Amino acid sequence: MGLLTNPRQTIIVTCRSRARIMGKEVEKDNALTLDWHMPVSFKPQLYAISVGKTRFSHKLIQESKAFVVNFLPYTMKEAALYCGRHTGEHHDKIKDAGLKTYEADNVDCPRIEGAAGYLECEVVKEIEAGDHTIFIGKVVHADMAGEKKRLFHVDMDHFTTTK
Ligand SMILES: Cc1cc2nc3c(=O)[nH]c(=O)nc-3n(C[C@H](O)[C@H](O)[C@H](O)COP(=O)(O)O)c2cc1C
């Protein structure tokens with residue numbers, strides 16, 4: 001399917017929730033890479049992300065009902081691959097990926113420094129889709145950090161960008 005649907009813009013979704021890890025209740029910030037995402041409504045502004053049920057972030061977003069979509073400049077491709085190939089369940093993935101974050105404006109989540117733009121979302125609906133869940137988020141804050149060449153995934157380690 002990817003041969004037909006790609007290239008797709010690659011994003012990193014950031015999230016935060018309390019999670020029980022090795023018997024201990026901790027607050028976790030996490031980040032995962034996604035190709036499967038899209039705008040789905042103007043009024044209200046809604047944005048959908050498709051997250052595999054086995055992802056640690058799935059648990060966090062289901063618990064907190066919030067996430068941030070970080071649109072990436074092409075230069076962040078290594079970080080996108082890292083966040084897409086490692087789970088944050090037992091690591092500080094954001095730090096290990098060499099990313100820095102700051103607090104989102106309207107949701108209790110981190111945002112990635114240097115991203116091209118952001119959508120801060122509150123989950124209003126969850127739809128089961130096979131082995132993924134589509135989280136539909138109401139956009140409660142949006143920001144664009146100037147014109148940056150964005151990151152698009154072709155396949156495997158191969159990315160492209162706009163002219
Ligand atoms: C380029 C790329 C795109 C990806 N797209 C998706 C996606 O759309 N949905 C998804 O659930 N996982 C996707 N993944 C896989 C997750 O990012 C990956 O499983 C990640 O390690 C989950 O992290 P977590 O366990 O810390 O949540 C993608 C990975 C890469 C490298």
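Per-structure values
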item	result
D92 versus T160: modelled label distance in nm, points set 7 Å from Cα along the beta carbon direction	3.8 nm
Max mean-square fluctuation residue, GNM over the chain, Cα-Cα springs under 10 Å, options A145, A31, A66	A145
Pairwise FRET efficiency - N106 versus D131, Cβ, R0 = 35 Å, nearest 0.05	0.70
For the chain, built as a Gaussian network whose Cα springs stay under 10 Å, the top-fluctuating residue of K65, K43, K138	K43
Net charge, A97 excluded, C-beta distance under 14 Å - Lys, Arg +1, Asp, Glu -1	0
Among S57, L4, L46 - extreme Cα towards positive end, dipole of segment 2-160, charges at beta-carbon	L4
Heavy-atom accessible surface of segment 2-160: percent carbon and sulfur, 1.4 Å	54 percent
Contour excess over end-to-end distance, with Cα ends at V140 and E122 and 0.36 nm allotted per residue	5.8 nm
Potential extension, E147-T54 segment - 0.36 nm per residue separation minus Cα distance	30.0 nm
Residue-span extension gain [W36 to L3] - 0.36 nm each, minus C-alpha spacing	10.5 nm
Mean Cα-pair separation over length for the chain, i.e. relative contact order, pairs under 8 Å, 6 or more apart, %	28 percent
Listed residues D35, D131, D92, most fluctuating in the chain (Gaussian network, C-alpha, under 10 Å)	D131
Greater than 32 Å apart at Cα, pairs in K125/K163; K28/K163; K65/K163; K95/K138; K100/K163	K125/K163; K28/K163; K65/K163
GluC sites (Glu not before Pro) lying in DSSP loop within segment 96-163, provided at most 11 other Cβ fall within 10 Å	E113, E147
Ellipticity estimate at 222 nm from DSSP helix runs (n ≥ 4, -39,500 (n - 2.57)) divided over the chain, nearest 500	-4000 deg cm²/dmol
Residue-normalised accessible area of the chain, expressed per residue, 1.4 Å probe, Å²	55 Å²
Total formal charge among the other residues, if their Cβ is under 15 angstrom from that of R85, Lys/Arg +1 and Asp/Glu -1	-3
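The values are calculated or read from the model by the stated rules, or taken from the named source; none is laboratory data. Since the model is a prediction, treat every value here as computed from it, not as a measurement. For neighbour counting, all protein chains shown are included, and Cβ atoms are generated from backbone atoms with ideal geometry for every residue, glycine included. Each accessible area value is taken on the protein alone, full model and side chains, heavy atoms only, with ligands, DNA and RNA left out. Shrake-Rupley method; radii C 1.70, N 1.55, O 1.52, S 1.80 Å.
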